[in-house]
Every structure is written in structure tokens, then in C-alpha cells.
Amino acid sequence: MLSMSVSGSNIGPIVVFLHAAGISRWMWHDITPQLPAVTHVLPDLPGHGESSSISWQSITRSAELVWAELDNAFDQAEMEKRGIHLVGISLGSYVGLAMLAARPKAVSSAVFSGMHAEKMKNAALIKMFAWVMAPFTRLPFMAKQSARMFGLAGEDVNTFAREARKTGLSAIRKTIAQVIDYVLPANLNAITTRILFVAGSKEHETILRSLNVLAANIKYGQAAIAPDLGHGWAGQDPELFAKTVEAHQTASALPQKLRVILEV
């Protein structure tokens, strides 16, 4: 079983936060307090955080494990009444879309940030480099660099580094390889969930180009860019990220700071 925490409202919509690779559910600590009206469900994905003893197998398998935890925590009637909403960053976005592919009509809304839909250039070379560099990503210096990329400062940098060291080496290598080789699920046209695909304007060009591709493949897909921010924009501007999640979850107008590039 995955390690998972539940907090926030006991009666509000159920929002599942899916973290990035190499970190844990801790990464949401600046986001969830800004969303008091919802139930925060924060799993640690396989090989990460308090789930580090569970081996990472695949994006699809991780999606199955998160659904299993939700089924254990909430009965079906409760999930249908309160609604399930997904929020993912980077690796969490791929897992979230796999959750939707497995249960196309079970989720009310989703916000996925920092994912791609195109084949990456020089994929074999990138995987080889990632395989060699993976052990170093858990070193304090490298982990702190990653923390700063996510906009963290002060003691949060040290906490991020401690959480990153919990990630298993096998999980790091497998997740990187699987994201590089990522192929969109075949049944996207069956998904009727409202999905916002978003990225910081300073993101990798492959991810930026993928925004319209992803949104166009979903019946109620939408795409937007967070100006002057990067891959870790949730940490760089947690207030904007939280407002984006709240607006999309409640089907309200997105924050004016966002640049919408594809409407529903």
C-alpha cells in the first residue's frame, strides 16, 4: 500500500495531489493551506517518500495503486457525491493522465503541469546521461539545486533535499526513462473530464509545444501558460498555482496572470 495523507475539509471536493519525480508529497506544503475548502489527498508515489519501499514499476501501475488507495479511503458513493479532482506536476501529471485513462468518467476535473506529448529529440542519449547522473541527484548539492528550481528558499531547500534522498535510485532511473519514452494513452477520446494542461513560459520547448497537442486530444481540454515561470512554477508562485487549481476545480475563470492558449 502507498503512503498517503488526507487533510483539509471533511466534506469538500476530493483533490488528489500527485508530486514530481525525486521528491514526495511534501512538495505541496505551500499549496494545500491555500485550499481549505477541499479535501487534500497526498500520496507518495512508489519509490518516493514514505512509499520508497514499494518499487516503481510503471506509470500505469502507479496510477492503479493510487486508485486502490482512493478506493480504500472513500466509498464509491462518497467519491461520486464529492467529486474527484486531480492535480499533477511533472511525473504526477503522467500518473494522473493514466488514472483518467483507467477510469475515464470517474474524475470531475484535472490540472496537469509540465508534461509532454511529443517524441523527445536525442531520447537515447538523454536516457544514457540520466542513467549515469541518477546517483548524483540525491546528493545534497544537486537536490538543493532542484529545490531552487522549484522556487524554494531558506529551510525549505534543506527539507526538499532531505525528502529527495528518500527516493530510490531505481525509481529515479525508471521514471526518467519512462517519461522520455512516454506515449499518450490510446483512449483519450473517452475522457470527458475537464482538463487544464499548463506550463511555465520558461519550460522546455517540447513541453510548451505539447500543451495544444494534449488539450486538443481531450474533449474538454484547455491549455494555458504561466508567464515568466519555469518547470517548478508551483513553488515559484504557489499563490498563482493554488488559485489556478481552485478556479479550474470550480469551473471559474482562470487567474488573469495565466495566458490561455486553447479554450475548451
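The values are calculated or read from the model by the stated rules, or taken from the named source; none is laboratory data. All values derive from a computational prediction rather than experimental measurement. Methodologically, a virtual Cβ is constructed for each residue, glycine included, from the backbone with ideal geometry; neighbour enumeration extends over all protein chains shown. With ligands, DNA and RNA removed, areas are computed over all heavy atoms of the protein, side chains included. Shrake-Rupley method; radii C 1.70, N 1.55, O 1.52, S 1.80 Å.
The lysines within cross-link reach of Lys144, meaning a Cα-to-Cα straight distance under 17 Å and a gap of 8 or more places when in the same chain, are Lys166. Each peptide in 37-44, 124-131, 62-69, 203-210 gets a packing score, the mean of other Cβ atoms within 10 Å over its residues, and the list from highest to lowest is 37-44, 62-69, 203-210, 124-131.
Label zone (Ser9, point 7 Å along Cα-to-C-beta; backbone nitrogen cut-off 20 Å) within the range 232-264: 239-255.
For percent of Cα pairs over 36 Å apart, computed directly from the structure shown, the correct entry in (i) 9; (ii) 14; (iii) 6 is (iii). Between the range 188-244 and the range 1-39, how far is it from one alpha carbon centroid to the other, in angstrom? Value for the Cα centre distance between the two parts: 19 Å. Listed here are the pairs Lys81/Lys243; Lys174/Lys257; Lys105/Lys202; Lys81/Lys257; Lys119/Lys219; Lys121/Lys174; which of them are more than 25 Å apart at the Cα? Flagged as over cut-off: Lys174/Lys257; Lys105/Lys202; Lys81/Lys257. Considering only Ala153, Ala251, Ala117, the Gaussian network model of the chain with Cα springs below 10 Å gives its largest mean-square fluctuation to Ala251. Taking all protein chains into account, the per residue accessible area for the range 6-87 stands at 38 Å² (1.4 Å probe). Here the chain exposes an accessible surface that is 56 percent carbon and sulfur, computed with a 1.4 Å probe and the other protein chains kept in place.
Rounded to the nearest 500, the helix-only mean residue ellipticity at 222 nm of the chain stands at -12000 deg cm²/dmol, with each DSSP H run of n ≥ 4 adding -39,500 (n - 2.57).
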